[in-house]
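Worksheet: one structure, shown below.
No value in this document is a laboratory result; all are computed from the given coordinates. All of these numbers come straight from a predicted model, not from anything done at the bench. As a convention, Cβ positions derive from the backbone with ideal geometry for all residues, glycine included, and neighbour counts pool all protein chains shown.
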Amino acid sequence: MRLAISAIIFCSAVIGVEVPKEDSRNTNTPGTDTHFAPPVYTSREAWEKRKEHLRKQILSAAGLYPMPPKTPLHPRIFGRIENRDCTIEKVLVETIPGYYLGGNLYRPLHATGKHPAILNPHGHWTYGRLENQPLYSGPSLGINLARQGYVVFAWDMVGYNDTVQTPHIFGSPVEQLWSFGPLGLQVWNAVRALDFVVGLDDVDPARLAMTGASGGATQTILLAAIDDRLQFAAPVNMVSSIMQGGDFCENAPGLRVGTNNVEIAAMFAPKPMLLVSATGDWTRNTPTEEFPAIQKFYALYGKPDNVETLQLKAPHNYNKENREAVYRFFGKHILGETDAKMFAEKTIQAEMLQNMLALSGRALPDNAITYDQVFAKWKEMVPREAASADEARERLQLVLGAEWTREVVSQQSGEHVVLSRPETGDRVEGALVEGKGAPVLIVGGGGVRLSTGGRPTLRISGFQPSPARNREAKHFLTFNQSDDACRVQDILTALAWLHNKYPGKIELVGVGPAAVWAEFAAAVSPIPVKLSAELGAFRGTDEDFLKQFNVPGIQRAGGLPAAERLIQTLK
């Protein structure tokens, strides 16, 4: 098709908005070290709608949307150690059949009745939950909280201490298709840790809190964002606009596309939360940047004082002074005690590591499974066939990051058309031939000529990555859609424009490699389309997706069978 290059005339479907000269998906590629601007919402209603979407986005990125069925935990609690005023026990819980999470349970000594409970995930310290040094002491935290009247459960990151059936870092390209990685497994373990604690006879389920530092704070804000049972939170030295978490267990494809940890932490509003920060790490701006931003979310609920902040002149840590600040915060909100002297940390007699490890001198239970079997179980946890067409479409939309926009910005010069979604900065180029009848959208095919019977015909090539697309941005796919997901979005943008411009059911034609893009675009489109796409040798295997349609999570969301079932509903 001929592209006119002279006498350019611009026509925008959205008044006052122009199509960008460059596609922002090539020039704006955020990563974990990007400095993000604070999000702003002017109404509680707008924020609640956004929050619901973010919750689904987090769960989808973790491979937990919809939430899998919860199998029996079969908790094993043993090896009781009795100190002056608390007990410590070893714990193994079966978060997936045959997969065991290890930890320690700290309880008040000689106390009766129901107690508030605190969940305590750890960060990337050498000895994990058992690290005991000035900058971080898991045992000091657990023992002192138990002395104050809490039941405390501290558990492992994957690949640490007793939780050894996977390494800490994993997630091959094939595993990413199934959303199998350390972040998702750790989020699932946190959900099951909360299930375990709630099930204890001596825990009050109305008083549940969580605190962790560094990677443990990442787990804290993620669980706080997706599980309404938590009532109090204290993420320590993690919530930042300038660093989002550097480890694989803090990142998963799709997790922070269009968002960041400040917005995720704000999802806990209006429940009480303490933001702890340090001058010597990436939380150095918290008092002046992140805290005021999050407080604005709390103000939407009329409770700006429910979020507090504290910053120490210190390196990255969860040291004694910070722990005491958390004791005071929880004491005020959970115990109703405001006397700071009540929460001065007492020294502890640290136990030897072998006395705290659940697998010291003990093997995993007989039904323990291998790494490959954990992956196989993970794939089985979420049924591939959704309960309804709406659920199937939503699952695919989430992993694709697909958006249907009612407004499309357009610029046209002769046959040359450029489209964009307002406020996204994307750019979709195509060629339009006017005609009569129902419109046709052709994707791909290059110079292949197709007869459309004189109907209005728009031809696009779909997203084309340029050398400017910086794939070296740290944890690129956590913050950016894959090329193939961008191509699906371009098709949806073009469909939306045609739908606004011409009457009649749109025919979508995918040519060559674009047939697969068109297949998934038709599946997630909210308007019915007539699809013409020959998939050829593409059968929806893992290998097919890696070679022809590489979208993390696509198999977890149902893969090709889900798309085919949805397309059948369009006929």
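Converting phi to 3J(HN,Hα) with the Karplus coefficients 6.51, -1.76 and 1.60 and the offset θ = phi - 60°, region 53-58 yields 5, 4, 4, 5, 4, 4 Hz in sequence order, with x at every glycine or proline. Put simply, the C-alpha atoms of the chain give a gyration tensor, and the ellipsoid matching it has half-axes of 49, 26, 18 Å, longest first.
Averaging the Cα positions of each part gives two centres, and for region 173-228 and region 240-271 these lie 14 Å apart.
Going by C-beta contacts inside 10 Å, put 150, 65 in order with the fewest on the left. List each step's numbers first, then the result.
Numbers: 150 27, 65 24.
So the residues, fewest neighbours to most, are 65, 150.
Of the cross-linked pairs 271/346; 320/341; 271/296; 313/474, those separated by over 18 Å at the C-alpha level are 271/346; 313/474. Across region 67-381, how large is the tail of the calculated P(r) beyond 31 Å, expressed as a percent of all Cα pairs? Value for region 67-381: 25 percent of Cα pairs lie more than 31 Å apart.
Using the Cβ atoms and a cut-off under 12 Å, what net charge is assigned to the surroundings of residue 36, where Lys and Arg are +1 and Asp and Glu are -1?
Details: positive: 256; negative: 33, 263, 289, 290.
Spelling it out: positives minus negatives among the neighbours equals -3.
Order of 247, 228 from fewest to most other C-beta atoms within 10 Å? Write out the running numbers ahead of the final one.
Values: 247 18, 228 9.
The most exposed by this proxy come first: 228, 247.
Radius of gyration over Kirkwood radius for region 136-204, both on Cα atoms: the Rg/Rh ratio is 1.08. Specify whether the C-alpha gyration tensor of region 225-372 places it in the rounded, prolate or oblate class, a ≥ b ≥ c being the square roots of the eigenvalues: rounded for a/c under 1.5, otherwise prolate if a/b is larger than b/c and oblate if not. Judged from the Cα gyration tensor, region 225-372 comes out oblate (a/c at least 1.5, b/c at or above a/b).
Which log10 I(q)/I(0) values, to two decimals, does region 471-571 give at q = 0.14, 0.15, 0.16 Å⁻¹ under the Debye formula with one point per Cα? Per q value, in the given order, log10 I(q)/I(0) is -0.54, -0.62, -0.70. Centre-to-centre separation between the Cα atoms of region 414-460 and those of region 478-535: 12 Å. Over the Cα atoms of region 51-162, each weighted equally, I'd like the Debye log10 I(q)/I(0) at q = 0.19 Å⁻¹, rounded to two decimals. Those come out to -1.06, one per q. In order along region 508-524, phi translates into HN-Hα couplings of 10, 10, x, 10, x, x, 5, 4, 5, 4, 5, 4, 6, 5, 4, 5, 9 Hz, rounded to whole numbers, per the Karplus curve 6.51 cos²θ - 1.76 cosθ + 1.60 with θ = phi - 60° and x for Gly and Pro. Using a cutoff of 8 angstrom between alpha carbon atoms and counting only pairs six or more residues apart, the relative contact order for the chain works out to 19 percent. Rounded to the nearest whole Hz, the Karplus-based 3J(HN,Hα) values (6.51 cos²θ - 1.76 cosθ + 1.60, θ = phi - 60°) of region 27-33 follow the sequence 9, 10, 10, x, x, 5, 9, with x at glycine and proline. Angle of helix 389-400 to the longest C-alpha principal axis of the chain, folded into 0 to 90 degrees and rounded to 10: 80°.
A straight Cα-to-Cα reach below 20 Å connects residue 70 with the lysines 56, 377, 379, residues fewer than 8 places away in its own chain not being considered.
Measuring nothing but how far apart in sequence close Cα pairs (under 8 Å, 6+ apart) lie, relative to its length, region 67-381 scores a relative contact order of 18 percent. The residues 410, 179, 525, when put in order of fewest to most other Cβ atoms within 10 Å, stand as 410, 525, 179. Annotation: lysines with alpha-carbon distance below 27 angstrom to residue 501 (same-chain offsets under eight excluded): 21, 436, 530, 571.
Under a 5 Å amide H cut-off, with hydrogens placed 1.01 Å from N, residue 274 pairs with 233, 234, 308 among residues at least 5 apart or on other chains. Amide hydrogen proximity for residue 532: with H placed 1.01 Å from N in the peptide plane, the residues at 5 or more positions away or on another chain lying under 5 Å are 508, 509, 510. Database remark: amide H of residue 83 closer than 5 angstrom to the amide H of 88 (H placed geometrically; neighbours at sequence offset of 5 or more, or on other chains; Pro and chain starts carry no H).
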